2 protein chains.
Amino acid sequence: MATDPSKYVFNHTMIRVKDPKASVAFYEDVLGMKHIHKMDNENGKFSLYFLAYVDTVPSTEEEKKLLAFSRPGVLELTHNWGTENQPDFKYCTGNAAESKGFGHTAILVDDIEAACERFEQLKVNFIKRLTDGNMKNIAFITDPDGYWVEIIQNPSISGKSPV
Amino acid sequence: MATDPSKYVFNHTMIRVKDPKASVAFYEDVLGMKHIHKMDNENGKFSLYFLAYVDTVPSTEEEKKLLAFSRPGVLELTHNWGTENQPDFKYCTGNAAESKGFGHTAILVDDIEAACERFEQLKVNFIKRLTDGNMKNIAFITDPDGYWVEIIQNPSISGKSPV
């Protein structure tokens, strides 16, 4: 059998988003990812946005696609066209009592105090500030759809324990 | 401000699982990840299982924790104790019509035909086989909770286009 599962790669996590402009702006401007690739599906009336932490985004569509599908740590946002114009439209975040499942994505940051201070200045919504609850070294913010994003100190930058 | 968002890392994706024995076995034995770290929370009555594609798992708890929180491509499984003994208990996968949100995780494989053949032999549940639908180069399987896992050819191994 010509397959070796230990060579597989956990490439991406897909979440559906109501308004891709708001979501791409959040993951780029607030969380520092880069939008590396977009795929439109005319028949299915949806678009896929791929974001990741990369230094540079290549210029050709083929290179962008290869970048999106060759590494771990990619976030895929699915936009079903038109949802952004429906005032009452809302996706399930996975954290409501009646529809628990998916929990969150998690981002390692270089300096968690400074990162959270910056999120405050950017008026980001917090589920849990560093000072809330028992765990003083993690925070939870939400993206434009209300999906939870955990914020954790990157121990390889600080030398501090992450959690 | 001492934080540079471009230096952040998309570390992990968390999903809740009903039975960690079944889920850890699936992600290890079927998908080839390694279980690199576990955290138990007695007060909250839950355990966290961290899995990733790594060559080796370090021996000390501190090293395991650092490994889990210092890289992209980590999967976190949350087990709220006791759910495995409740016959009717079920998490929302994010793909049911009434609770859409989270879509899937995605795994790049070395040889997609061989990988899918092996999944068949292991009696893995398929949402979409390679031969189903219009997109003949991706498959979807489910994990023990019914969460969707997309299977994609790794272009950096095959030289073939991924999607």
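Would you check which residues across the range A:32-44 are under 22 Å from B:V74 (Cα atoms), open to solvent by 20 Å² or more (accessible area, probe 1.4 Å) and within 12 Å of another protein chain (Cβ to nearest Cβ) and list them? Of everything in the range A:32-44, just one residue is under 22 Å from B:V74 (Cα atoms), open to solvent by 20 Å² or more (accessible area, probe 1.4 Å) and within 12 Å of another protein chain (Cβ to nearest Cβ), namely A:K34.
Within the range B:139-163, restricting attention to residues that are among the hydrophobic types (A, V, I, L, M, F, W, C) and open to solvent by less than 10 Å² (accessible area, probe 1.4 Å), which residue is nearest to the other protein chains (Cβ to nearest Cβ)?
Pass one, the range B:139-163, residues among the hydrophobic types (A, V, I, L, M, F, W, C): B:139-141, B:148-149, B:151-152, B:157, B:163.
Subsequent filtering for residues that are open to solvent by less than 10 Å² (accessible area, probe 1.4 Å) retains B:139, B:141, B:149, B:151-152.
Details: B:A139: 13, B:I141: 12, B:V149: 10, B:I151: 9, B:I152: 6 Å.
In this case the residue turns out to be B:I152.
Suppose we keep only residues that are within 19 Å of B:H12 (Cα to Cα) and of a type in the set (K, R) within the range A:1-23. Which one would you say is most open to solvent (accessible area, probe 1.4 Å)? In this case the residue turns out to be A:K7. Within the range A:106-138, being more than 8 Å from chain B (Cβ to nearest Cβ), open to solvent by less than 40 Å² (accessible area, probe 1.4 Å) and under 16 Å from A:V163 (Cα atoms) holds for A:I112, A:C116, A:K128, A:L130, A:I138.
Among the residues here, A:G103 does not qualify as assigned to a loop (DSSP other than H, G, I, E, B) and facing another protein chain (nearest Cβ under 8 Å). State whether one or more residues within the range A:24-31 are in contact with a strand residue (DSSP E or B) (Cβ under 8 Å, 6 or more places away or on another chain), surrounded by fewer than 17 Cβ atoms within 10 Å (Cβ to Cβ), at pLDDT 95 or above and of a type in the set (D, E, K, R). Yes, some residue in the range A:24-31 is in contact with a strand residue (DSSP E or B) (Cβ under 8 Å, 6 or more places away or on another chain), surrounded by fewer than 17 Cβ atoms within 10 Å (Cβ to Cβ), at pLDDT 95 or above and of a type in the set (D, E, K, R). Out of the range B:99-139, which residues are free of Cβ contacts under 8 Å to residues at least 24 places away in the same chain and among the aromatic types (F, W, Y)? Listed by number, the list holds a single entry, B:F126. Annotation: of all residues in the range A:74-100 being assigned to a helix (DSSP H, G or I) and open to solvent by 20 Å² or more (accessible area, probe 1.4 Å), the one that is nearest to the other protein chains (Cβ to nearest Cβ) is A:E98.
Among all positions in the range B:136-148, there is no residue which is β-branched (V, I, T) and touching a Cys at 6+ places or on another chain (Cβ under 7 Å). Can you confirm whether the range A:1-17 contains a residue that is under 30 Å from A:R118 (Cα atoms) and assigned to a loop (DSSP other than H, G, I, E, B)? Yes, there is a match, as at least one residue in the range A:1-17 is under 30 Å from A:R118 (Cα atoms) and assigned to a loop (DSSP other than H, G, I, E, B).
Tell me the residue from B:G133, B:G103 that is at pLDDT below 95, closer than 24 Å to A:H79 by Cβ and either small (G, A, S) or within 15 Å of the chain's Cα centre (by Cα) (or both), please. Don't jump to the end; show me each part of the working.
Numbers: B:G103 fails: at pLDDT below 95.
Within the list B:G133, B:G103, the selection yields B:G133.
The residues on offer are A:S47, A:S59, and the sole one that is open to solvent by less than 10 Å² (accessible area, probe 1.4 Å), more than 11 Å from chain B (Cβ to nearest Cβ) and modelled with pLDDT of 95 or more is A:S47.
The values are calculated or read from the model by the stated rules, or taken from the named source; none is laboratory data. Because the structure is predicted, anything quoted here is derived from the model rather than measured. Don't worry about glycine lacking a Cβ; one is built from the backbone with ideal geometry, like all the others, and counts go over all protein chains shown. For the accessible areas, the whole protein counts, side chains as well, though only heavy atoms, and no ligand, DNA or RNA atoms are used. Shrake-Rupley method; radii C 1.70, N 1.55, O 1.52, S 1.80 Å.
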